Amino acid sequence: MSLMRKVYSIRPGSVFSRTPLFLGVTIAILAFVFLAYQKKKEAEFLFNSKIRLWGYQLSNALLDKDRGFLETFSKNLMDQSLSIVQVCKDDQVILSYPLELSDYKCNWEIISPVAHYGQRLGEIRACIRTGVILRQTILSPVFLLFLGAGFVFSILVIAKIKSAKHIEQIAAQVAHDIRSPLAALDSVLGSITRLPEEERLIIRSATSRIRDIANHLLAKHPQEGRTDAAQEPPRGEPSLMSTEVCLLSSLIDPIITEKRLQFRSNRAIEIDAPLNSVSYGHFARVQARELKRIVSNLVNNSVEALEEKGSVVVSLGRQDERVLLKVQDNGKGVPLEILSKLGQKGETHGKTGGSGLGLYHAKTCVESWGGSLNIESQIGKGTTVTIGFPRAEPPQWFVSELKLDPQAPIVILDDDPTIHQVWQGRLDSLGTKGSGLEIHHFSTPAELRGWVEARKLTPHPNPLPQGERESGRKVVYLMDYELLGFQETGLALIEELNLGERAILVTSRFEEEKILKDCRRLSVRLIPKNLVGFVPIKINHPHPALPPQGGGENKIDVILIDDDLLVHKIWQRAAKTHGQNLKTFKSPQEFLDAGGDQFPLETAIYLDSELGNGVKGEYFAQELHAKGFANLYLAAGHSPEKFGASTCLKAIVGKEPPWSC
C-alpha cells in the first residue's frame, strides 16, 4: 500500500483529517525559524573564521593603521549575506566598507574582537542582511524537504494512534519514499557550482542528515523479510556495525555546530572545538555514527554541569601512539565517591531522570574499538572526559605534511580569494618571501591551462643535470575541486593536464566515495579545505655548502650553540667523520666570552631555539646578524611555522648535523 493511500484512508471531517495539516505547518514553521537562524550562525562562523585565519596580519594592520590592507580585508569579508563591514580601533570606527555607507543600523550584527599578544586592539563589525537570509531560507531545498517531512511526520503520528503495527509499515515506506527525492537532490547537487561554496556545504550537509534519518528509520523499523542484523542495538550496548578509519576532526566539527545551535539561548555558555596544528590529521578506527552520538552526549552532560555559565571545550591531541579526544568543562565537578562508579551500568550523577546508560554506552563502545574512557573531576573546578583511541595510519590520500622544494614552483587554483591569501600567508610565515620560491595564483581553468602550456614551451633558465630532472623541480599543484561558474572540476583538470601525483586536491568534499575513487585512480592526495590553515608545511632548505675536508687546524668551519651536551657529542662525532672543524658553546654568553664575535663573518652558525633560562636562539641570531654574521641557521626541534618569518636566518633546520644530509 502506497503512502498516499494511507493518507486517503483517513475519514474526511474527523480530527485525524485535520491533524496532518496542522502538524505539517507547525513543523514547517519551526524548520523555517531553525534554518534561518542556522544560516545566520553560519554567516557568523564564516566571518569569525576568516578573522581568526588573518588575526596576526589584521592586528599588525590595526597597529600600523594600514588603511589599504584593512580596506582589502573588509572587501574580502563581504559576501551577499553582509551589507556593511566596519573596522574599529579603541572603540572608534576607522573604516567602513562599502566606503559610501556610513549609516550603520543593523538588526543582526556580528562583532569579532582583534587582539595583539593578548591585548585587545579593537574589533570588526558586520551587519547581516535580514532579507537575504530569509529569502535564502524560503528558497532552500532543505526547507522544502522539511515541509514535506512535516507532512510525513503528521502521518506517522496518526499511524501511532491507530496501530503500532502501522508505525513500522509507514516508517519503512517513508524511508523508502524519501530516497527518490534524495536521489533527485543528489543529481541537482552536481550542477550547483554557481552557488558560493558555503551554501553548497549547507545543502550537502542537510541532504546527508536526511539520508541518515532515512537509514535510521529503515534500521529501526525493518520491513517484513529483512533480518534483524540492521536493527539498532539496545541503548547502552555497543553497535555491531563495522568500524572504519575516520578523520576525527571531521566527525567532531558538525556535532559542535549542532550543540552551539541547541544551546544558543544561553549566551553565557561557550562550546568550542578549536582547530589547530595539534588537532590536525588524527585518524582512528571507530564507528562514525556512534562516536558522534558519544560526543553529543558528553557535551550535553558538560553543559548540564555548568548550570548558568561556563565553557565546554572539545579537543584532539596525541600521546605516543594514541589519539586523545577530550571533553572538558569548568562546571561544578563530581564527588570522588561517585566518580569511581561513573561508567558502570545504571550509575549517574546530578542528572534529573538520568539512567546512567549514556556513559556506560560510551565506555563499552570505546573499549570495543580498542580504546579507553577516563573521567577526572575536581569539585568547583570541572570535569574532563578523556577518550583514548589506538592511532590509525592516515589513508594514502591524506596529506599529513606538505613537503616543498624551494626550487619547485607552487601553483594554487581556487575561486576563493581568501584561500589564496591563507596559502600565501602560510608560505610567507616560513620565510619564503624574497627567497625566490615561485608561487602562482590562478582562479580559472583557462589561467591554469595557459601556464601549464607555456611552461612546456619555455626552457628553465637553470636546467637541472640530466640525473636530477626526474626528481627535482617538480611543480606542486594545490587544486580546488569546485570552481564557481565553471563546469570543469579540479579533478577533471588534473586528469586533462596529466598532473597526477604532483597535484593535491583541496576540498570540503574529501569524504565522498566518488571523489576518493577518482583520486586513487589519478594518484592524487587530498587536504580537507577547513584544515588549510593547519596542515604542517616543511620546506627542505639545503644546508650551507661546507668547505672541503681538511680545512686547516685553526679554521672553524661550523659553530654550534646548544645547551644540550648530548647534541654537542653527536655533532662532534659527525664533524670528525667528515673532517670538519666544529666549535661548540652551551650558551650565547659562553660564545661571547670566548671572543665569538671575532670569528669570520661567513662562518656558519647553528643555534638552538631553547637555550635555557628563557634565552631564545632566534633573538640572539638577530644580535649576530646586526654584527654582520650572514650564515645563521636555527637548528630547532620544532616546525618552522612556530617561528614565523625572519630576515636574519637563512633557514630553520632540524637538530641533525649538516654533514648527515
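Some observations on this one:
- In segment 497-518, the qualifying residues are those that are of a type in the set (D, E, K, R) and within 19 Å of the chain's Cα centre (by Cα), and the one that is nearest to GLU453 (Cα to Cα) is ARG509.
- Residue in segment 466-481 that is modelled with pLDDT of 80 or more, assigned to a helix (DSSP H, G or I) and not β-branched (Val, Ile, Thr) present: no
- Scanning segment 285-317 for residues that are more than 18 Å from SER372 (Cα to Cα), surrounded by fewer than 23 Cβ atoms within 10 Å (Cβ to Cβ) and of a type in the set (Ser, Thr, Tyr) yields a single hit, SER311.
- ILE375 being of a type outside the set (S, T, N, Q) and within 30 Å of GLU308 (Cβ to Cβ): yes
- Taking the listed residues GLU393, GLU376, the one that is of a type outside the set (S, T, N, Q) and assigned to a loop (DSSP other than H, G, I, E, B) is GLU393, with no other qualifying.
- Tally of residues being at positive phi and crowded, with 18+ Cβ neighbours inside 10 Å across segment 318-336: 1
- Residues of segment 621-648 that are modelled with pLDDT of 85 or more and aliphatic (A, V, I, L, M): ALA621, LEU624, ALA630, LEU632, LEU634, ALA635.
- If you filter segment 549-576 down to residues that are at pLDDT below 85 and polar (S, T, N, Q), you find that the one that is most open to solvent (accessible area, probe 1.4 Å) is ASN554.
- Any hit, segment 612-619, residues being closer than 30 Å to VAL532 by Cα, modelled with pLDDT of 80 or more and either open to solvent by less than 30 Å² (accessible area, probe 1.4 Å) or assigned to a loop (DSSP other than H, G, I, E, B) (or both): yes
- Of all residues in segment 489-498, exactly one satisfies the criterion of being touching a residue at least 40 places away in the same chain (Cβ under 8 Å) and part of a loop (DSSP other than H, G, I, E, B), namely LEU497.
- Scanning segment 43-94 for residues that are basic (Lys, Arg) and within 26 Å of ASP415 (Cα to Cα), we see that the one that is surrounded by the most Cβ atoms within 10 Å (Cβ to Cβ) is LYS50.
- Checked against the criterion of being more than 30 Å from TRP397 (Cβ to Cβ) and either out of contact with any strand residue (DSSP E or B) (no Cβ under 8 Å at 6 or more places or on another chain) or at pLDDT 90 or above (or both), the candidates GLU367, GLU307, GLU290 yield just one match: GLU307.
- Residue, farthest from the chain's Cα centre (by Cα), within segment 396-423, restricted to residues that are farther than 22 Å from GLU512 by Cβ and assigned to a loop (DSSP other than H, G, I, E, B): GLN407
- Entry remark, segment 517-538: residues being of a type in the set (S, T, N, Q) and farther than 28 Å from SER429 by Cβ number 1 in total.
- Pairs where the first residue, in segment 464-483, is under 16 Å from GLU438 (Cα atoms) and the second is modelled with pLDDT under 50 and assigned to a loop (DSSP other than H, G, I, E, B), C-beta under 7 Å, 6+ apart: GLY472/LEU464; ARG473/LEU464
- Taking the numbered list (1) surrounded by fewer than 16 Cβ atoms within 10 Å (Cβ to Cβ); (2) over 20 Å from LEU247 (Cα atoms); (3) of a type outside the set (Phe, Trp, Tyr) in turn, LYS363 passes all entries but (1).
The values are calculated or read from the model by the stated rules, or taken from the named source; none is laboratory data. Just so it is clear, the model here is predicted, and its values are computed rather than measured. Neighbour counts are summed over all protein chains in view; Cβ atoms, including those assigned to glycine, are modelled from backbone coordinates with ideal geometry. The accessibility values were calculated without ligands, DNA or RNA, using every heavy atom of the protein model including side chains. Shrake-Rupley method; radii C 1.70, N 1.55, O 1.52, S 1.80 Å.
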